[in-house]
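S.K.: If you scroll down you'll find the structure; I have some questions about it.
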Amino acid sequence: IASVYQLSGDLSNNLVWDAFNDRPIGDSTAGLPPGNEPGTPNQDTLQSFIRGNGYWVFVTDGPSIVLQPRLRTILPADSDIQPTGNFPGAEDRDIDSDGVQDSSTWTSPDPETDDVQQSLFYPEEAGRREIILRNPGDGILSWRVEVDPGSANWLSVSPTEGKLIRGTAQVAVTVTRGALAGPSELNGNLTIRSTGGSRTIPVRALVPDIQGDYTGRARMTRVDGKEMQLPSLDFQITLDRAGDGTIRGIVNSEDSLSIPMDVPMAGDNYRSNSSDFTITGGYFMPGSGRENFDINDFNPLPGDLRREIRLNGLRTSENILSGKVQDTLHGILDQPVIVEGDFVLERTSLEPMGRQGST
């Protein structure tokens with residue numbers, strides 16, 4: 001007698017047998033499957049397995065019963081590769097009562113051609129892709145995903161392992177470019193190992209430059225080194241490349257409410273092996289005795305003021321800049337007044353605004 005469960009390579013599951021203990025205690029046949037006496041062969045031909053059920057199988061002649069799962073993968077198509085139909089669309093899925101997608105009813109694509117896309121590609125704006133795993137074979141597919149050690153600092157997967165009977169499993173593959181300099185290209189590999197085969201998938205990701213449009217706020221917390229609660233500064237800033245080793249920018253006054261005019265900025269590009277940067281800009285505010293009502297709203301004092309804004313930070317993800325801000329006012333006192341805080345800017349566009357505003 002062979003105890004067979006819909007499983008391959010993993011016998012750690014507890015089997016639950018319906019009506020297994022129906023025979024009274026002391027019966028000589030207690031513990032045997034119901035309806036079968038010792039030496040009586042099973043008259044029913046075993047046709048298929050149902051997930052979650054256990055089976056007593058009397059093997060007489062012929063080959064042993066072998067359950068063989070198979071690994072199939074569906075990768076998101078590159079922008080220059082036409083996907084296979086519209087798969088997986090709603091019409092390709094059959095949802096069981098327990099919420100599991102039944103792959104046996106899928107019509108597109110063919111289970112043998114799921115692996116048509118050979119690699120994962122991440123354009124500059126993409127940080128996450130999903131791989132779909134399928135098991136068109138028999139039994140349970142046990143799988144795990146391994147990232148090439150050389151790619152572990154920028155490539156991660158979740159979940160890293162699992163089991164699959166029917167339907168699909170989704171694996172999120174995330175690229176983290178935060179501390180990586182751009183523009184550049186990353187290349188790595190991840191490998192899916194399973195009881196139904198293995199597959200290595202090349203991964204290619206573009207690291208964007210620092211240029212683009214950003215919006216965010218600066219939380220000001222110190223004046224001349226002393227902790228104080230101060231209003232935050234709103235920023236809408238455009239950064240562009242001015243040449244090797246330098247960047248340029250402009251603070252847009254329309255969306256930066258505490259800044260009365262567009263402020264041109266210039267600074268150092270981050271080093272080739274880093275993502276840090278420094279950029280500085282400033283503007284002049286005439287005193288209230290002059291006929292300039294817009295500026296007077298920001299400078300009610302009789303003397304002229306000069307304001308310098310300095311951002312010193314780094315790119316913490318592909319679209320986030322964060323760091324320290326220093327806002328220096330000249331003309332209020334004999335010595336400059338230095339206001340400091342922390343800023344976070346989120347990129348809203350990879351292309352600098354018109355490219356003409358920061359020239």
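The values are calculated or read from the model by the stated rules, or taken from the named source; none is laboratory data. Nothing here was measured: the structure is a model prediction, and the numbers come from that model. No Cβ is skipped: glycine too gets one built from the backbone with ideal geometry, and neighbour counts run over all protein chains shown.
S.K.: Considering (1) modelled with pLDDT under 80; (2) acidic (Asp, Glu); (3) over 26 Å from Gly182 (Cβ atoms), say which one Asp244 fails and leave the rest.
M.R.: (3)
S.K.: Take Pro202 and tell me if it is closer than 17 Å to Leu314 by Cα and either assigned by TED's automatic domain parsing to the domain that holds Asn319 or touching a residue at least 12 places away in the same chain (Cβ under 8 Å) (or both).
M.R.: no
S.K.: Within segment 143-169, count every residue that is surrounded by fewer than 16 Cβ atoms within 10 Å (Cβ to Cβ) and assigned to a loop (DSSP other than H, G, I, E, B).
M.R.: Of the residues in segment 143-169, 5 are surrounded by fewer than 16 Cβ atoms within 10 Å (Cβ to Cβ) and assigned to a loop (DSSP other than H, G, I, E, B).
S.K.: Also, quick follow-up: Here is a check on your reading of the model: is Ile320 closer than 11 Å to Gly282 by Cα, touching a residue at least 40 places away in the same chain (Cβ under 8 Å) and among the β-branched types (Val, Ile, Thr)? Spell out the reasoning first.
M.R.: Numbers: closer than 11 Å to Gly282 by Cα: no; touching a residue at least 40 places away in the same chain (Cβ under 8 Å): yes; among the β-branched types (Val, Ile, Thr): yes.
In short, no.
S.K.: Identify all residues within segment 211-227 that are surrounded by fewer than 15 Cβ atoms within 10 Å (Cβ to Cβ) and either outside the structural domain of Phe277 (by TED's automatic domain parsing) or in a loop (DSSP other than H, G, I, E, B) (or both); write none if there are none.
M.R.: Within segment 211-227, Asp224, Gly225 qualify.
S.K.: Oh, and also: Please state which one of Thr176, Thr191, Thr195 is modelled with pLDDT of 90 or more, touching a strand residue (DSSP E or B) at 6+ places or on another chain (Cβ under 9 Å) and surrounded by fewer than 19 Cβ atoms within 10 Å (Cβ to Cβ). Write out each step before concluding.
M.R.: Numbers: Thr176 fails: modelled with pLDDT of 90 or more; Thr195 fails: surrounded by fewer than 19 Cβ atoms within 10 Å (Cβ to Cβ).
Of the residues listed, the single one that is modelled with pLDDT of 90 or more, touching a strand residue (DSSP E or B) at 6+ places or on another chain (Cβ under 9 Å) and surrounded by fewer than 19 Cβ atoms within 10 Å (Cβ to Cβ) is Thr191.
S.K.: Among the residues of segment 170-210, write down those that are in a strand (DSSP E or B) and aliphatic (A, V, I, L, M).
M.R.: Applying the first criterion (in a strand (DSSP E or B)) to segment 170-210 yields 170-175, 184-194, 197-207.
The answer is Val171, Ala172, Val173, Val175, Leu186, Leu190, Ile192, Ile201, Val203, Ala205, Leu206, Val207.
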